[in-house]
1. Report every pair of residues separated by at least 6 positions or lying on different chains whose Cβ atoms are under 9 Å apart, first residue within the range 43-64 and free of Cβ contacts under 8 Å to residues at least 12 places away in the same chain, second surrounded by 18 or more Cβ atoms within 10 Å (Cβ to Cβ).
2. Starting from the range 159-172, take each residue that is within 16 Å of R116 (Cα to Cα) and list its partners that are part of a helix (DSSP H, G or I) and open to solvent by 80 Å² or more (accessible area, probe 1.4 Å), counting only C-beta distances under 6 angstrom and pairs at least six apart or across chains.
3. How many of the residues making up the range 73-91 are farther than 16 Å from A34 by Cβ, part of a helix (DSSP H, G or I) and not aliphatic (A, V, I, L, M)?
4. Select from the range 63-117 the residues that are of a type in the set (V, I, T) and more than 23 Å from G42 (Cβ to Cβ) and write down the one among them that is surrounded by the fewest Cβ atoms within 10 Å (Cβ to Cβ).
5. Go over the candidates L112, L84 one by one and state the one that is of a type outside the set (S, T, Y), more than 23 Å from T9 (Cβ to Cβ) and touching a strand residue (DSSP E or B) at 6+ places or on another chain (Cβ under 7 Å).
6. Is there a residue being in contact (Cβ under 8 Å) with a residue 24 or more places away in the chain, in contact with a Leu (Cβ under 8 Å, 6 or more places away or on another chain) and open to solvent by 30 Å² or more (accessible area, probe 1.4 Å) anywhere in the range 118-132?
7. Answer yes or no: is there a residue in the range 62-69 that is outside any helix (DSSP H, G or I) and of a type in the set (K, R).
8. Among all residue pairs at least 6 apart or on different chains, which show Cβ distances below 6 Å where the first residue, located in the range 1-13, is modelled with pLDDT under 90 and the second is aromatic (F, W, Y)?
Amino acid sequence: MRSSFYRYTGKRIFDLLVAIPVLLVFSPLLAVLALLVRVKLGTPVFFRQQRPGLHGTPFTMVKFRTMTDACDAEGNLLPDAERLTPFGKFLRSSSLDELPELWNVLKGEMSLVGPRPLLMKYLPLYSAEQARRHEVQPGVTGWAQVNGRNALSWEAKFALDVWYVDHLSFWLDLKIIAMTFSKILKREGISQAGQATMEEFRGQGDPK
């Protein structure tokens, strides 16, 4: 497919052609996972959070919950690493927690492939070059995810995101999806430090 057609039209068609049958086929698995999350981690079953979409426009991203609400004696939530259970770690390492994001894809808020949607508070911290990651829709998986995931530094991750923006094509998306399945099966790209979440981005370079 021609890059310009795919970027503005074909990519959306491709998202729907893949996301709809995947949701239908995996609906029993989604139901089982929702039940397991309810039993093992409690409610709510889904984790919802505002994330920046295309051009930084906010949307509500949906994932399966992976952490408990455990608190200390003062009622404050414990650190993420202490609230992330073995079941939650399994959901993350297998990327099963990401499956509900297919609903965001159907709504047109996300794409199957693109830079991962980060936190809204990071928007003013990006350099002008890093902010270009928002020139396309965020993705369920992406070029940075298949080239290191949480093991990457923020600088490397953003560089890969911008590279994807500049080289977006149908064939690249197919390659990333194929690599994603391979990485999941091999459990590659998990942070060697075993962090529950990526270290917070504090900004660098010129302000946006």
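1. From the range 43-64, the pairs are T43/V37; T43/R65; T57/E109; T57/H134.
2. V165/E135
3. 5
4. At the first step, the residues of the range 63-117 found to be of a type in the set (V, I, T) are 66, 68, 85, 105, 113.
Checking the rest, the ones that are also more than 23 Å from G42 (Cβ to Cβ) come to 105, 113.
Working: V105: 22, V113: 28.
Across the range 63-117, the extreme among qualifying residues is V105.
5. Numbers: L112 fails: more than 23 Å from T9 (Cβ to Cβ).
Among L112, L84, only L84 is of a type outside the set (S, T, Y), more than 23 Å from T9 (Cβ to Cβ) and touching a strand residue (DSSP E or B) at 6+ places or on another chain (Cβ under 7 Å).
6. no
7. Step one: list which residues in the range 62-69 are outside any helix (DSSP H, G or I), which gives 62-69.
The next check asks that each one be of a type in the set (K, R); those that pass are 63, 65.
Looking through the range 62-69, at least one residue is outside any helix (DSSP H, G or I) and of a type in the set (K, R).
8. Every condition considered, the pairs that remain are M1/F170.
The values are calculated or read from the model by the stated rules, or taken from the named source; none is laboratory data. Since this is a predicted model, take the numbers as computed values, not measurements. Every residue, glycine as well, gets a Cβ built from its backbone with ideal geometry; the counts of neighbours run over all protein chains shown. Side chains included, ligands, DNA and RNA excluded: accessible areas come from the protein's heavy atoms. Shrake-Rupley method; radii C 1.70, N 1.55, O 1.52, S 1.80 Å.
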